[in-house]
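Remarks on the structure that follows.
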Amino acid sequence: LAKTTQPISMDSYEGQEVNITCSHNNIATNDYITWYQQFPSQGPRFIIQGYKTKVTNEVASLFIPADRKSSTLSLPRVSLSDTAVYYCLVGDINRAGFQKLVFGTGTRLLVSP
Amino acid sequence: ETGVTQSPTHLIKTRGQQVTLRCSSQSGHNTVSWYQQALGQGPQFIFQYYREEENGRGNFPPRFSGLQFPNYSSELNVNALELDDSALYLCASSVGQDYGYTFGSGTRLTVV
């Protein structure tokens with residue numbers, strides 16, 4: 001599975017847009033990019049997943065450049081409740097058989113008033 | 001509501017004891033995985049079950065074992081507990097093989 005690199009922490013203020021970039025230089029052709037959010041003492045929560053270009057849902061947008069060696073999770077107008085750890089994962093979701101999710105240390109986002 | 005329920009939420013055990021953690025997945029979720037998360041770290045994969053068979057394992061010793069049952073529940077058993085086993089244990093389930101796993105809130109295990 002491709003290794004990912006994210007910033008350890010980020011700070012923001014309520015109402016701002018937050019962009020968290022993840023680097024995955026060794027991403028394979030069949031790999032998808034997935035982001036999870038985790039609050040303290042809770043399990044990770046699936047946010048968004050994509051393969052190329054742009055994906056948007058009700059929570060976030062995911063931007064993936066043509067070379068797919070990085071991706072950016074964009075959170076519009078963050079609130080205090082967006083304070084959490086965000087994980088970027090890369091892997092082949094269509095691969096038959098066993099899969100595992102490989103989490104790094106994630107990015108700790110702190111949103112202040 | 002996550003659809004994945006873990007019990008107990010907190011547990012304190014003594015070194016050398018054995019522990020069983022339980023997970024109840026959503027109906028139809030035939031893939032279940034267990035993760036260990038130490039404080040300040042990302043979750044680490046322990047093993048995965050697919051249709052009641054273990055089909056993948058991370059870098060954990062054999063004293064970590066599991067079971068998956070036909071009713072979409074599963075167990076994580078840890079024998080001969082060590083202090084370093086203190087962590088949040090997470091169960092995640094999925095329909096088939098995709099990355100949209102649903103995680104439970106975890107069991108906080110403290111070994112003293």
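What follows draws every value from the coordinates through simple rules; no lab data is involved. Bear in mind that the values here come from a model prediction, so they are computed numbers and not experimental data. Cβ atoms come from the backbone with ideal geometry, glycine included; neighbour counts cover every protein chain shown.
Computed quantities for the displayed model
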read-out	value
Value of D in µm² per second that Stokes-Einstein yields for the protein assembly as shown, Kirkwood Rh from Cα pairs, at 20 °C (1.002 mPa s)	118 µm²/s
Spatial extent of chain B: Rg and Dmax, with the Cα atoms as the point set, Å	13.0, 38
Fraction of beta bridges assigned by DSSP in the protein assembly as shown that are antiparallel (%, nearest 5)	90 percent
Pairs of Lys in the protein assembly as shown closer than 16 Å at Cα, counting only those 8 or more apart or on different chains	4
Cβ-defined net charge surrounding B:SER73, 13 Å radius [Lys, Arg +1; Asp, Glu -1]	-1
Spacing of the two label points (7 Å from each Cα toward its C-beta) at A:VAL59 and A:THR21, in nm	2.4 nm
Label point distance in nm, A:LYS52-A:SER112, each placed 7 Å from Cα along Cα→Cβ	4.2 nm
For chain B, size of Cβ-based charge dipole, Lys and Arg +1, Asp and Glu -1, in debye	240 debye
Space enclosed by the convex hull of the alpha-carbon atoms of chain A, per residue, Å³	97 Å³
Positive-end extreme of charge dipole, the protein assembly as shown - chosen from B:ALA92, A:ILE8, B:ASN55 (charges on Cβ)	B:ASN55
Dipole in debye (nearest 20) - chain A, about Cα centre, beta carbon charges: Lys, Arg +1; Asp, Glu -1	340 debye
Longest DSSP-loop-exposure-free segment, trypsin sites (Lys or Arg not before Pro), chain B, at most 14 other Cβ within 10 Å	B:64-112
Charge dipole of the protein assembly as shown about the Cα centre (unit charges at C-beta), most positive-ward option of A:THR72, B:SER105, B:THR14	B:THR14
